[in-house]
There are 2 protein chains.
Amino acid sequence: MIVKLTVTYDGTNYCGWQVQPNKITVQEVIEKALLTLTGEKIKVIGSGRTDAGVHAEGQVAHFKREKENIPPEKFALALNIILPDDVKIVKSERADDDFSARRSAKRKTYVYRTYVSTAILPLKDRYALQLEKQPDVSAMKECAKLIEGEHDFKAFCSSGTSVKTTVRTVYSIDIEERGNEIIFSVTGNGFLYNMVRIIVGTLLAVGRGKIGKKEVEDMLATGKRALGGKTIPAKGLTLLSVEY
Amino acid sequence: MIVKLTVTYDGTNYCGWQVQPNKITVQEVIEKALLTLTGEKIKVIGSGRTDAGVHAEGQVAHFKREKENIPPEKFALALNIILPDDVKIVKSERADDDFSARRSAKRKTYVYRTYVSTAILPLKDRYALQLEKQPDVSAMKECAKLIEGEHDFKAFCSSGTSVKTTVRTVYSIDIEERGNEIIFSVTGNGFLYNMVRIIVGTLLAVGRGKIGKKEVEDMLATGKRALGGKTIPAKGLTLLSVEY
């Protein structure tokens, strides 16, 4: 049977999702918990990697298991007893035999949180990026519209991964002001390495007046990473949900 | 001159506000930062204590200083360079000569955050209490109305402090549902030791059907602490603001 897991984690203390030698990752702690629970070495496949320090409310993963002695919906409760407090299973359920958390994923939504304050705000800073000055939100919204749609996102990708194509579709970029917070929600059919952090970093450069519509259009047209804003820190980024 | 400070902190790693021997407190780290900045031993007076693990968005404090070589509004920026990341000054300003953060305080608002989930949610759990089952919010709202007003709050107070009177006025208790969160906001003219945590703990006992209106009325009438709910954990509690 295939078991689908919806996973939430505070990524602060993890080297991302995917198992890496000599580093603690979220995938690894879930696989270890499954080993403790079942006595079996079970490989867990995530919808995609999240980088070191990135959080998740609704990462999705699956694993395959022959035995049916544990009902699929009971894995959440049983694994949560074993898992550390910063990684928890929100839901476990049986999926179709051809379900793959990675290959079947249709849309993902990431949220990037920022707050405007001259001082670091300790109660926000663990999960959000401090902006010392109020950015121009309407300029950011205007440039966000340029990024929406199907494009070659080569300029919005850090080097270091080999992918067949850098064409992706961004369905929406919403920018919401809530008190002193500015929250970016980005939904797409898939994301390249650091893509959300570069999109939001580029929009923040627009918000500070460092670059404008022309540079964003040129990034999409030429694929030149150097035209954009910085790759902003992982701590503000949360994988909100994966749709199938 | 009197300098008024508005202070925010993540209380997780502190033994509360007030200086105690052999324990790290928020007051102490601010006094140490003032010593580093000015070379002077300066006593900082808070609006009141917050307990170990309690957070603040808008704690207020003041100190007195003879020298005027640092303009009052510059203390925030200067102290924030010295202070650790979990304690920051949101604002510093000159106050009237008779201003006292403690004696002049008129109203305080505390927020207690909870979330409903069978699993611990790592991204909420640092600043909120997990409720495994949905409580009866309308029963809690009804009992909250009984607690509002001027009462002897002896039954809503942990032993261990000597106060002249246990009579206080609670101006309002608001209970707001926001997604899977239930947020309690309590405003009063002053609070006894653990009072907010006992009020919310008692309302949660009402929400679970363990006690009802009668027990809450009896608490107010008889002063018997044992009739109420548990003193719930500090981590969900934040001092939102102090008004003068």
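So how many residues does segment A:1-23 have that are under 23 Å from the mean Cα position of the chain (by Cα) and surrounded by 15 or more Cβ atoms within 10 Å (Cβ to Cβ)? Selection size over segment A:1-23: 16. For segment A:207-238, filtering for residues that are open to solvent by 80 Å² or more (accessible area, probe 1.4 Å), modelled with pLDDT under 95 and of a type in the set (Gly, Ala, Ser) leaves 1.
Look at segment A:1-22: where a residue is within 24 Å of A:Asp96 (Cα to Cα) and a partner is assigned to a strand (DSSP E or B) and β-branched (Val, Ile, Thr), sitting 6+ places away or on another chain with Cβ atoms under 6 Å, you get A:Leu5/A:Ile89; A:Thr6/A:Val60; A:Thr6/A:Val90; A:Val7/A:Ile89; A:Thr8/A:Val90.
Residues in segment A:154-180 that are polar (S, T, N, Q) and open to solvent by 80 Å² or more (accessible area, probe 1.4 Å) were compared, and the one that is nearest to A:Leu203 (Cα to Cα) is A:Ser159. Taking the options A:Leu77, A:Leu123, name whichever one is farther than 30 Å from B:Leu240 by Cα and without any contact (Cβ under 8 Å) to a residue 40 or more places away in the chain. Step by step, each of A:Leu77, A:Leu123 is checked, and only A:Leu77 is farther than 30 Å from B:Leu240 by Cα and without any contact (Cβ under 8 Å) to a residue 40 or more places away in the chain. Counting the residues of segment B:160-180 that are of a type in the set (Val, Ile, Thr) and assigned to a loop (DSSP other than H, G, I, E, B) gives 4.
What residue, among those in segment B:24-36 that are open to solvent by 30 Å² or more (accessible area, probe 1.4 Å) and in a helix (DSSP H, G or I), is farthest from the other protein chains (Cβ to nearest Cβ)? Among those that are open to solvent by 30 Å² or more (accessible area, probe 1.4 Å) and in a helix (DSSP H, G or I), it is B:Leu35.
Taken over segment A:97-119, the criterion of being in contact with a strand residue (DSSP E or B) (Cβ under 7 Å, 6 or more places away or on another chain), surrounded by fewer than 19 Cβ atoms within 10 Å (Cβ to Cβ) and either more than 14 Å from chain B (Cβ to nearest Cβ) or without any contact (Cβ under 8 Å) to a residue 24 or more places away in the chain (or both) is satisfied by A:Asp97, A:Phe99, A:Ser100, A:Arg102, A:Ala105, A:Lys106, A:Arg107. Out of A:Asn189, A:Asn180, one residue alone is modelled with pLDDT of 95 or more, farther than 21 Å from A:Gly53 by Cα and within 14 Å of chain B (Cβ to nearest Cβ). It is A:Asn180. The residue that is farthest from the chain's Cα centre (by Cα), counting only those in segment B:37-51 that are open to solvent by 100 Å² or more (accessible area, probe 1.4 Å) and modelled with pLDDT of 95 or more, is B:Lys41. Would a scan of segment A:120-132 turn up a residue that is over 30 Å from A:Asp218 (Cβ atoms), open to solvent by 40 Å² or more (accessible area, probe 1.4 Å) and away from chain B (no Cβ under 14 Å)? The answer is no; no qualifying residue exists. Selection of first residues in segment B:206-219 that are in the same structural domain as B:Ala144 (by TED's automatic domain parsing) and of second residues that are surrounded by fewer than 24 Cβ atoms within 10 Å (Cβ to Cβ) and not in a helix (DSSP H, G or I), restricted to Cβ pairs under 6 Å at least 6 apart or on distinct chains, gives the following pairs, ordered by first then second residue: B:Gly207/B:Pro135; B:Gly207/B:Asp136; B:Arg208/B:Pro135; B:Met219/B:Gly228.
The set of residues in segment A:85-94 that are more than 9 Å from every other protein chain (Cβ to nearest Cβ) and either modelled with pLDDT under 95 or surrounded by fewer than 19 Cβ atoms within 10 Å (Cβ to Cβ) (or both) comprises A:Glu93, A:Arg94. Quick one: in segment B:52-82, which of the residues that are closer than 20 Å to B:Asn194 by Cα and open to solvent by 40 Å² or more (accessible area, probe 1.4 Å) is farthest from the other protein chains (Cβ to nearest Cβ)? In this case the residue turns out to be B:Ala52.
The values are calculated or read from the model by the stated rules, or taken from the named source; none is laboratory data. If you're wondering where the values come from, they're calculated on a predicted model, not measured in any experiment. Glycine gets a Cβ as well: all are built from the backbone with ideal geometry, and neighbour counts include every protein chain shown. Accessible surface is based on the protein model in full, side chains and every heavy atom, while ligands, DNA and RNA are left aside. Shrake-Rupley method; radii C 1.70, N 1.55, O 1.52, S 1.80 Å.
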